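Laboratory data are not the source of any read-out in this text; all were calculated from the coordinates shown. Everything quoted here is computed from the prediction, not taken from an experiment. Cβ sites come from the backbone with ideal geometry, for glycine too, and all protein chains shown count toward neighbours.
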Amino acid sequence: MNSKTLLYIVKRIGLAILTVWVVITITFFVMRAVPGGPFMGEKAISPAAQAALEAKYGLDRPLSEQYFTYLKDILTRFDFGPSLKQRGRSVTEIIADGMKTSVKLGVVAAFSALAAGVVLGAVAALRRNSVLDRAVMVITTAFVSMPSFIMGSLLLVLFAVRLRVLPANGTTGAGLILPIITLALYPMAYITRLTRSSMLDVLGQDYIRTARAKGVSGMKIIFGHALKNALIPVITYFGPMLAYIVTGSLVVERIFSVPGIGRAFVQSITNRDYPMVMGTTIVLACLIVVMNLVSDILYKVVDPRINLE
Amino acid sequence: MKKSLALLLALCLALSLAACGGGGGGTAGNAETTPDEEPNVAASPGALAACLASEPDSIDPALNSSVDGATLIIHLFSGLAKWDQTADGTLTISPDAAEALPEGVPNDDGTVTYTYTLRDGLKWSDGEPVTAADFVYSWNRAASVELGADYGYMFEVVKGYKEISEADDDGNPVNPDAKLSVEAVDERTLTVTLSNAVAYWNELLAFPAYMPVREDVVADESWATKPETLICNGPYTITSWTHDSLITMEKNPNYIDADSVTMEKLEFYLSDDENNMLSNFQNGSWQLIDDVPTNEIPKLKEEYPEQFVVTGQIGTYYVCWNINEDILPASSELTGVEAENAKAEIRNAITLLFDRNYIVNDITQAGQVPASSFVAMGMTEPDGTEFYKNAGHNDAFAGYYDVSEDAIESNYAAAVETLKKYYTFDDATQTFTDFPTLTYLYNTNEGHKQIAEYLQSALAGIGITVNLENQEWKTFLNTRKTGDYSIARNGWLADYNDPICFLDMWTTASGNNDVQFGKGDHASVAAYSMDLTPYGYDINVQDGTWAQTYDVLISTIKACTDNDTRYQLMHVAEDLLMSTGCIAPLYFYTDLYMLSDSVEGFYSNPLGFKYFMHCVVTAYG
């Protein structure tokens, strides 16, 4: 790694911090501008109790003061504050609980999708126009175009209700199998198609022809030259995809009742649980920014021709 | 460099393979830890699995305000009284931590004092004794301003509540040293003084807010979020808690009536997705689910006739008008009291246009009962009859208008006749031409939407244009509360079996006064009369404002110690409320759940709390 690359990375990290700060600021003020507050319910609490609660959580102070106090707390103490809705639990605790499940779900789904997608895509490209290739293309087209709530519901009805071989509820380890499959199918299909087209492109390149002409063995061409270069677009896709799966699995979490971060995030907005909204937004924003950064850096590592500047 | 590239790729593939195996590995691990759990989908033997809703905001008895949270709390805590089911299936309130529930002794100043003796040998789940002082502490805590509990007002009946609940604008208590009038005479004797006799006092004693907590336990603010810190005194303790997912309770050996608890273990799954609940019920994993997808109801009723249960729940689904909304035609010259009376007549006519039978039979489909009065079905009078049947003072039907299917045509004709007095009716099209456009506000929800669309079409039939506006929950609450609407969807569930909880919400200062009675322009409208002299009060107001009539009436009811008179006054209050036409009741709620036929000994109360401690599960899967 040369100094130019290092400089680039430092610059990118600076930009990432700036991005997260902008996200924090916008979310903070937009959330407060939305009508309704955390202590509002179908049955109204007394004005006295409302005032007492607002004083307790500092919501009675000027908005700018609350904003700077919040920034200070997360910077100096890494403290996201208490949840206003789930009394007695801290935001950090709730996010940690949710992330544990979401990360497990997302990472397993993403790597399964990567493994299956690369293999299927490579095979389809090598056996171009064969029955196998066509079958893979048809199936992946179906998976790419089918929304996850339909796929999830189908799997749920089939495996949990009709066949009764897997639980419908994501509480237990076994209960995570169906959500993982549901989450993995779309990226798997996408990676298959990506690998296939990029592999076909690479196989037609001059350097592959040259290698063939020089008598390099078929296997070596595929693994040593073709696949390696064909995977570059897959790698760029993988980072953001991982972040997307971890953060955007809300629908799947609902269908299978998985206690993940997506559900906690949406609930916190409905509840106007301000510290919780801020906490989840920050964590998710960081995750996306970091994954994008990692994939850009990987890109450079895999393909030295790419100039990061 | 090439080597490192190859390594990287290999690593990537290896990781993906490992990840692939990871999914399977997780399953294998799970099978190892619970080898008996076969097949995967069945509930663990000896346990009863239920899903009521997603995780409640709190299961601290004082802080909880949800029905599902209350169900969890009654399994963990034991108050002075409890809901019990007798052998013949009727529900009663019986003593729990108290030896008996004696009558109160009236004092000279009109207050009433109750003295309770705690049963000998009451223990917390950590073995410490439960004392009268625990109750004193818990009740003062629950009612305090500092705690800011939603249900703090449940202690309104106890003497001293007013002093303890007052706060200045900054939320600091006005009387920091004030206490409720409840005292621990000794370790096992508790006295409590109520401002006046309260018919539903025993019921309050069985309500979660009245259940005891221990001072040293609740000092840790997170006490009610972890199994290890949640010290309780009821039939069960929490043994494991995966937040937002599963609460497992096991029988509490320190509970005084532990012998009567038949279910060793309860599993409360925390989810609010009805489709997921139904899947888990259908595959035999869960024995009770508290909600089902609305569109599945007709099919479920047919497929599970025994297991699809509909019971009464004390609550009313209704439409409320903003009393300050001008609905008179632009040409109208009516002002002041005349305008208000005309608006009341118009609103009361419009409510006759709704076919409540269509709503309950074709839209909600869960056995709801068409409503024509506001105080819900299930509220009983001192003589045991239903309050709603006596409402409206009509012999031919219950309530303020006839909502039977036979009356639809006559209601419609009557409504049109009334509206003709104020609006231009076009005989050719049979519609009104100058009714101002209305907006119906509801919160985003498929069921509410279907009802909104029906109301829209019913009014469109006579030329009234209604625009539908849906808002996200808290935005909706805020809009409704501030009165920034013309008509809105509304609903109210009772907290205890006394009609006052439906009536005191409409006083001017009430936080639930969504109609805006006595607020804005309505504050000065002197259009209401009431004569309480037949009931022995020297109160007779003619052409008074809302504050001079309804507010006075509610405080009179709250201070009334004669139960029969009190109920008569509550009918007067409902008459006054309904005369405004601002409340258009649509139906009385029901509680709908699915209960496996392998469960015996289950019951629920009219507030929707569900009792599992005396259940037996005869078969699994």
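Some observations on this one:
- Residue among A:ALA52, A:ALA16 that alone is without any contact (Cβ under 8 Å) to a residue 12 or more places away in the chain and either within 14 Å of chain B (Cβ to nearest Cβ) or surrounded by 17 or more Cβ atoms within 10 Å (Cβ to Cβ) (or both): A:ALA52
- Any hit, the range B:500-515, residues being farther than 27 Å from B:LYS558 by Cβ, buried (at least 20 other Cβ atoms within 10 Å of the Cβ) and touching a helix residue (DSSP H, G or I) at 6+ places or on another chain (Cβ under 7 Å): no
- Whichever residue in the range A:59-82 is within 33 Å of the chain's Cα centre (by Cα) and within 14 Å of chain B (Cβ to nearest Cβ) and, among such residues, is surrounded by the most Cβ atoms within 10 Å (Cβ to Cβ): A:PRO82
- Checked against the criterion of being in contact with a helix residue (DSSP H, G or I) (Cβ under 7 Å, 6 or more places away or on another chain) and either part of a loop (DSSP other than H, G, I, E, B) or within 12 Å of chain B (Cβ to nearest Cβ) (or both), the candidates A:LEU284, A:LEU227 yield just one match: A:LEU227.
- Among residues that are within 14 Å of another protein chain (Cβ to nearest Cβ), exposed (fewer than 15 other Cβ atoms within 10 Å of the Cβ), more than 25 Å from B:LYS481 (Cα to Cα) and out of contact with any strand residue (DSSP E or B) (no Cβ under 8 Å at 6 or more places or on another chain), A:LYS100 is included.
- Boolean, A:SER249 is away from every other protein chain (no Cβ under 13 Å) and under 30 Å from A:GLY175 (Cα atoms): yes
- B:GLY491 fulfils the conditions (1) more than 14 Å from chain A (Cβ to nearest Cβ); (2) closer than 30 Å to B:TRP83 by Cα; (3) small (Gly, Ala, Ser) except for a single criterion, (1).
- Being closer than 27 Å to A:ALA174 by Cβ and not aromatic (Phe, Trp, Tyr) is a property that does not hold for A:ALA285.
- Candidate set from the range A:19-49 (those that are in a helix (DSSP H, G or I) and among the hydroxyl-bearing types (Ser, Thr, Tyr)); member that is farthest from the other protein chains (Cβ to nearest Cβ): A:THR19
- Residues (aliphatic (A, V, I, L, M), outside any helix (DSSP H, G or I) and crowded, with 24+ Cβ neighbours inside 10 Å) located in the range B:267-290: B:LEU288, B:ILE289
- Filter result for the condition that a residue is touching a strand residue (DSSP E or B) at 6+ places or on another chain (Cβ under 6 Å), free of Cβ contacts under 8 Å to residues at least 40 places away in the same chain and charged (D, E, K, R), over B:ASP531, B:ASP514: B:ASP531
- Subset tally (residues that are within 18 Å of B:ALA371 (Cβ to Cβ) and exposed (fewer than 12 other Cβ atoms within 10 Å of the Cβ)) for the range B:403-430: 1
- Unique residue being in contact with a Gly (Cβ under 8 Å, 6 or more places away or on another chain) and crowded, with 17+ Cβ neighbours inside 10 Å when the list is B:LEU147, B:LEU180: B:LEU180
- Qualifying residue in the range B:480-496 (condition: of a type in the set (Gly, Ala, Ser) and within 20 Å of A:ALA51 (Cα to Cα)): no
- Inspection of the range A:298-307 identifies no residue that is assigned to a helix (DSSP H, G or I) and more than 14 Å from chain B (Cβ to nearest Cβ).
- Counting only strands (runs of 3 or more DSSP E) wholly contained in the range B:486-549, the ones carrying 1 or more residues that are farther than 22 Å from B:ASP326 by Cα and under 26 Å from the mean Cα position of the chain (by Cα) occupy B:487-493.
- Unmet criterion (only one of (1) at the interface with another protein chain (Cβ under 9 Å from one of its Cβ atoms); (2) within 25 Å of the chain's Cα centre (by Cα); (3) assigned to a helix (DSSP H, G or I)) for A:LEU105: (1)
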